[in-house]
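To keep things clear, I will list the structure first and then write my remarks on it.
We did not get these values from a lab; they are worked out from the coordinates using the rules stated. All values reported here derive from a predicted model rather than from experimental measurement. We place every Cβ from the backbone using ideal geometry, glycine too, and count neighbours over all the protein chains shown.
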Amino acid sequence: MMKSLIALAGVLLLATAAVAQDVTQIDGNHDGQITRAEFAAARMANFARLDRNGDGVVSTADIPAIARFKPGIQKTFQSFIANADASGDGMVTRVELATAPMPVFDRADANHDGVIERTEMATLRAGLAQMRNQ
Ligand SMILES: [Ca+2]
Ligand SMILES: [Ca+2]
Ligand SMILES: [Ca+2]
């Protein structure tokens with residue numbers, strides 16, 4: 001029981017808008033900077049975890065398994081879906097997630113060069129933390 005709770009806590013961290021990892025995990029090539037491609041790849045890596053019922057899409061149907069333990073996740077999950085659901089059918093496919101807007105990345109990339117460098121990293125961390133606590 002304890003073990004599954006701990007596992008679930010990990011899932012919740014990852015589930016929160018799909019990018020709530022520590023920035024060092026997002027930095028795929030560990031060069032201290034995060035490119036748009038690295039950010040997108042980290043998000044895609046979480047798709048399977050977000051799709052709790054395994055039907056190939058992320059939707060509100062995936063919430064109940066998580067919401068039993070953390071009711072507050074619903075709002076975060078819904079805002080994640082709203083952000084990525086390009087077709088507006090309430091479901092996020094892998095294709096939609098791959099091309100979804102990255103508002104947190106864009107806000108952090110102050111000089112708009114498509115890379116989060118060291119000076120912009122604090123803003124990215126703050127943005128990710130804010131999503132986690134939504
Ligand atoms: Ca990098
Ligand atoms: Ca699903
Ligand atoms: Ca930048």
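Amide H contacts of Thr35 (H built 1.01 Å from N, in plane; Pro and chain starts excluded): Ile116 sit under 5 Å, all sequence-distant by 5 or more or on other chains.
Between Arg132 and Ser87, full extension at 0.36 nm per residue minus the direct alpha carbon distance yields a gain of 13.7 nm. Extending 7 Å from the Cα toward the beta-carbon at both Met102 and Arg49 defines two label points whose distance is 1.8 nm. Taking a Cβ cut-off of under 9 Å around Gly32, the surrounding Lys, Arg, Asp and Glu residues balance to a net charge of -2, with basic ones at +1 and acidic ones at -1.
Stretching the chain fully between Ser79 and Ala37 yields a gain of 12.9 nm (0.36 nm per residue, less the alpha carbon separation). Using θ = phi - 60° in the Karplus curve 6.51 cos²θ - 1.76 cosθ + 1.60, the 3J(HN,Hα) couplings for the range 38-48 round to 5, 5, 5, 5, 5, 5, 5, 4, 8, 4, 4 Hz; x is entered for Gly and Pro. A simple packing score, the average count of other Cβ atoms within 10 Å per residue, orders the peptides 104-114, 76-86 as 76-86, 104-114, with the highest score first.
Among residues other than Phe77 whose Cβ falls under 11 Å from its Cβ, what is the net charge (Lys/Arg +1, Asp/Glu -1)? Neighbourhood net charge equals +2.
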